[in-house]
Amino acid sequence: MRRTGLTLLLLAVTVTAARLCHTNVLWADDNLPLAAAVEVARGKVLYRDVWFDKPALVAWVDLLWGARAGVLLRLAGAVYVMAVAATAWQFARSIWSEREGLFAAFFAAFFLTFGLPSAVIPLASDMLLVLPHLAAVYFAWRGRAFLSGVAAGIGLLCSAKAIFVLAACALWQWRQAPMLLIGFVAPNALALGWMWFHGSASEYYRQAWQWGRIYAANTFVEHPLTEGLTRTANWIGFQAALVVGAIFAVKRERRLALWIVISLAGVIVGLRFFPRYYFLLLPPMIVAASRGWSLLVSPASRHGAITPHVSAGITASPNKMAALALCTLLAVPLIRFGKGYITLARGGTSTDLSMDRDSRAASEKLRALSHPGDTLFVWGFRPDIFIDSQMPAGTRFLESQPISGVLADRHLFSTVSIAPEFTAPNVRELIAKKPTWIVDGLGLYNAPLSLSRQSALAEWFSQYTEVARTDFSILYRLRQ
């Protein structure tokens, strides 16, 4: 156990140090949940007073550290990753042995650190599903159908893809399906009851589910098959250590293979194949790979399918070639993504953070020009301006998607609006408000989508005058 404790401590130190490198930046998926949580911390009710198109826990979880950016946000991310690693360790060691548990903990911490920073750093919807996903299937394997359902149900409050987690749990608990479903419903019933009491339940459905369904049905990818194959091949390349280990494990346990297939189906839904969508694959791949590499590194470790824990020691000599192969496969993501941490630690930056830098510049101007009691509306997907400026929202909307109908995954290059019948009430709601400040954070990227060229908002916008600019933002103030 001393070796286990030292290993987990080393992982915790590494994960924490890596995430603290990102203390002074915000990635795109950090922004909307944190901005929504800031408004909730001011006394507003999510969905009723703050438009939020994700399940509730994605914003509520930020309240645990006061909805603050900076060090607290990154420490919370480190704690979350270590919770995932600890759960993976418990899962694998319960099935096989301590060796598999340590492999699983290492893989969890490693692949939730050395990946695209825009995906692995934010505590966003897909990331937050990883922990309940692991916990749900672990409880299913242990025969705890109700707890398995509860964990999957908590996952649904993070991401709609928890439906696939529930399906995976049924691989082990199909005989106890009623208890599994009762557990799944329980946390959502509690959350809905709270929302109903605060008058936000109907808006929760409209924003997180109805608008989410519209989003899922409208991919911008012209050739989904080609895109899916390309991005999956890229994912396999960087996660090759997991893939190789899993291949050796699934030969011995059919349900592991089915769990992987179900998770892959969840990645495919929506036909977008963003890197963060592949987080749904991590739990089964981590568990399977922990077994596969244990067999490869020490072939005599144990044989057979998933069986109750056996505590016998492992005396076989390590396979040095397998260990070298594992280190080589891990070196690929380590080298590719590790240098980004070094750059940020040295005070450097990244081209991927150009919008974040501009948001900070716009926020600095807002702080200098604004007065107490002023409010803000931001056009474009730039919720970080609310966070950096600390200016309260003057409308329910923290970004422009539910008003323009042009989704954020394409609004830098497209002007195609979807579901005008859905967005029309939101346009009317915006027109009825008069925030003190407007920041157009989109028009200088995509001129046809600039706020000054939106005919439906022309009369409303005529009340504002430009007072400042940054490289990619225009600041307008309500005329007195």
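For region 296-339, filtered to residues that are touching an Asp or Glu at 6+ places or on another chain (Cβ under 9 Å) and among the polar types (S, T, N, Q), the residue that is modelled with the lowest pLDDT is SER311. Residue pairs whose Cβ atoms lie under 6 Å apart, sitting 6 or more positions apart in sequence or on different chains, and linking a residue in region 6-26 that is without any contact (Cβ under 8 Å) to a residue 60 or more places away in the chain and of a type in the set (Ser, Thr, Tyr) to a partner that is surrounded by fewer than 16 Cβ atoms within 10 Å (Cβ to Cβ) and outside any helix (DSSP H, G or I), are THR23/GLY70.
Taking residues in region 353-364 that are among the hydrophobic types (A, V, I, L, M, F, W, C), and partners anywhere that are outside any helix (DSSP H, G or I), the pairs with Cβ atoms closer than 6 Å and at least 6 places apart or on different chains are LEU353/VAL25; ALA361/THR470; ALA362/VAL439; ALA362/THR470; ALA362/SER473.
Residue by residue, here is whether (1) surrounded by fewer than 23 Cβ atoms within 10 Å (Cβ to Cβ); (2) not in a loop (DSSP other than H, G, I, E, B) holds:
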site: ASP62; (1), (2): no, yes
site: ALA86; (1), (2): yes, yes
site: GLY115; (1), (2): yes, no
site: HIS133; (1), (2): no, yes
site: VAL137; (1), (2): no, yes
site: VAL165; (1), (2): no, yes
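Residues are listed down the side, and each one gets a yes or a no for (1) within 18 Å of HIS371 (Cβ to Cβ); (2) assigned to a loop (DSSP other than H, G, I, E, B):
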{"site": "LYS434", "(1), (2)": "yes, yes"}
{"site": "LEU444", "(1), (2)": "no, yes"}
{"site": "SER452", "(1), (2)": "no, no"}
{"site": "ALA456", "(1), (2)": "no, no"}
{"site": "GLU459", "(1), (2)": "no, no"}
{"site": "ASP471", "(1), (2)": "no, yes"}
{"site": "LEU475", "(1), (2)": "yes, no"}
{"site": "GLN480", "(1), (2)": "yes, yes"}
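The set of residues from region 352-377 being over 20 Å from ASN24 (Cβ atoms) and not aliphatic (A, V, I, L, M) comprises SER370, HIS371, PRO372, GLY373, ASP374, THR375, PHE377.
Which residues, counting only those in region 1-49, are of a type in the set (Asp, Glu) and within 18 Å of the chain's Cα centre (by Cα)?
Residues of region 1-49 of a type in the set (Asp, Glu): 29-30, 39, 49.
ASP29, ASP30, listed by residue number.
Report whether or not TRP141 is of a type in the set (Phe, Trp, Tyr) and more than 22 Å from PHE107 (Cα to Cα). Answer is no for this residue.
Return the residues of region 423-480 that are of a type in the set (Asp, Glu) and surrounded by fewer than 12 Cβ atoms within 10 Å (Cβ to Cβ); say none if nothing qualifies. Answer for region 423-480, where residues must be of a type in the set (Asp, Glu) and surrounded by fewer than 12 Cβ atoms within 10 Å (Cβ to Cβ): GLU459, ASP471. Return a yes/no flag: does region 380-402 have any residue that is touching a Gly at 6+ places or on another chain (Cβ under 7 Å) and outside any loop (DSSP other than H, G, I, E, B). Yes.
With respect to THR230, is the statement that it is more than 20 Å from ALA36 (Cβ to Cβ) and touching a Lys or Arg at 6+ places or on another chain (Cβ under 7 Å) true?
Values: more than 20 Å from ALA36 (Cβ to Cβ): yes; touching a Lys or Arg at 6+ places or on another chain (Cβ under 7 Å): no.
In short, no.
Filter region 340-357 for residues that are modelled with pLDDT of 75 or more and of a type in the set (D, E, K, R); which is surrounded by the most Cβ atoms within 10 Å (Cβ to Cβ)? The extreme case among them is ASP356. Scanning region 448-471 for residues that are without any contact (Cβ under 8 Å) to a residue 24 or more places away in the chain and hydrophobic (A, V, I, L, M, F, W, C) turns up ALA458, PHE461. Can ARG42 be described as more than 16 Å from SER159 (Cα to Cα), surrounded by fewer than 24 Cβ atoms within 10 Å (Cβ to Cβ) and in contact with a His (Cβ under 8 Å, 6 or more places away or on another chain)? Spelling it out, it is not the case that ARG42 is more than 16 Å from SER159 (Cα to Cα), surrounded by fewer than 24 Cβ atoms within 10 Å (Cβ to Cβ) and in contact with a His (Cβ under 8 Å, 6 or more places away or on another chain). Under the condition of being assigned to a helix (DSSP H, G or I) and among the polar types (S, T, N, Q), which residue from region 192-237 is surrounded by the most Cβ atoms within 10 Å (Cβ to Cβ)? Restricting to residues being assigned to a helix (DSSP H, G or I) and among the polar types (S, T, N, Q), the top hit is GLN207. Looking at (1) at pLDDT below 95; (2) closer than 23 Å to ARG360 by Cβ; (3) surrounded by fewer than 24 Cβ atoms within 10 Å (Cβ to Cβ), can you tell me which one ASP53 breaks? Among (1) at pLDDT below 95; (2) closer than 23 Å to ARG360 by Cβ; (3) surrounded by fewer than 24 Cβ atoms within 10 Å (Cβ to Cβ), the lone unmet condition for ASP53 is (2).
Looking at this structure, is GLU39 of a type in the set (D, E, K, R) and within 19 Å of LEU10 (Cβ to Cβ)? No: the conditions fail for GLU39. Restricting attention to region 37-89, the residues being in contact with a strand residue (DSSP E or B) (Cβ under 8 Å, 6 or more places away or on another chain) and among the small types (Gly, Ala, Ser) number 2.
The values are calculated or read from the model by the stated rules, or taken from the named source; none is laboratory data. Note that the coordinates shown come from a computational prediction; the quantities given were computed from them, not determined experimentally. Glycine also receives a Cβ, built like all others from the backbone with ideal geometry; neighbour counts cover every protein chain displayed.
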